1. Counting only complete DSSP H runs, which helices of the chain cover 30 Å or more along their long axis at the Cα atoms and score a mean Kyte-Doolittle of 1.0 or above?
2. Would you kindly state how much longer the chain becomes between Gln151 and Ile24 on full extension, computed as 0.36 nm times their sequence separation minus their alpha carbon distance, in nm to one decimal?
3. With r defined as the distance between the Cβ atoms of Leu72 and Ser123 and R0 fixed at 35 Å, what FRET efficiency is calculated, to the nearest 0.05?
4. Once you keep just the Cα pairs under 8 angstrom separated by 6 or more residues, what percentage relative contact order results for segment 7-228?
5. Taking 0.36 nm per intervening residue step and subtracting the Cα-Cα distance, what contour gain separates Asn64 from Arg220 on full extension?
6. Could you give me the percent of Cα pairs per 5 Å distance bin for segment 109-229, shortest bin first, beginning at zero and ending with the bin that holds the maximum distance?
7. Could you rank the peptides 147-158, 30-41 by their average count of other C-beta atoms within 10 Å per residue, with the highest value first?
8. Could you rank the peptides 81-88, 200-207, 215-222, 183-190 by their average count of other C-beta atoms within 10 Å per residue, with the highest value first?
Amino acid sequence: MVVNLDLSFYSWDLLRSFVISGLIFSVKLTIVATIGGILFGTMLALARLSGPIWLARLATIYVNGMRSVPALMVILWFFLLVPPGFYQLLPGGIEHRAEYSAYVTFIAFEAAYFGEIVRAGISSVSGGQANAGRALGMSYVQNMRYVIFPQAWRTMIPVFLTQVIILFQDTSLVYAIGAYDMLKGFETAGRNFSRPVEAYLLAAVVFFVICFALSKAANRLNQRVAIIR
């Protein structure tokens, strides 16, 4: 079977009419999930490292549970199990059900991965650093803020960026619950103009360009961190 590509399908009007709004949502979802995931993930990491035994176990069960199931399954669970009436309490109401589900689901899911990155980063700092902080009379919070985290973040940032690349790719999964992300924009354009092959080909190119640029940035950060060390 020979596929004849119609290159006239590719135009700025196509991107502006169908794709830009989806791209904006994909970027917003990536940013919100990254910030929320890091904050929640940091709490999970601290709970596992220095929390009470019961809290550490709960955090471990959460992290291992989230990391053991596909992201798509978590997205569908939240979307289907949360009562529609809940969304009436939020701005935009039921019309933005898919978007709200995507935000909450990705924060909850990515927190498990960001939490492991934070835990590994903290564990990479030698115990002598923490002992030195305690010897100076620092509290646990001060020790983490001024001694541990500044050293751990330098190690974690490149890994964070790598996880963000994966996160951006995974935003295409919200297509399953009807959210209008970048992939949905390309799919809609291809359907409206009866050119699905061209639409999905262009979507792959755009994903590649964005993710390749981010991966190059991650490599540069890795090189800088290596030099600092």
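1. 20-50, 196-228
2. 42.4 nm
3. Working from the Cβ atoms, E equals 0.70.
4. Value for segment 7-228: 31 percent.
5. 53.1 nm
6. 2, 10, 14, 14, 14, 11, 9, 8, 6, 5, 3, 2, 1, 0
7. 30-41, 147-158
8. By packing density, highest mean first, the sequence is 183-190, 200-207, 215-222, 81-88.
Each value in this text was obtained by applying a stated rule to the coordinates, not by laboratory testing. Just so it is clear, the structure is predicted and the values come from calculations on it, not from any experiment. Methodologically, a virtual Cβ is constructed for each residue, glycine included, from the backbone with ideal geometry; neighbour enumeration extends over all protein chains shown.
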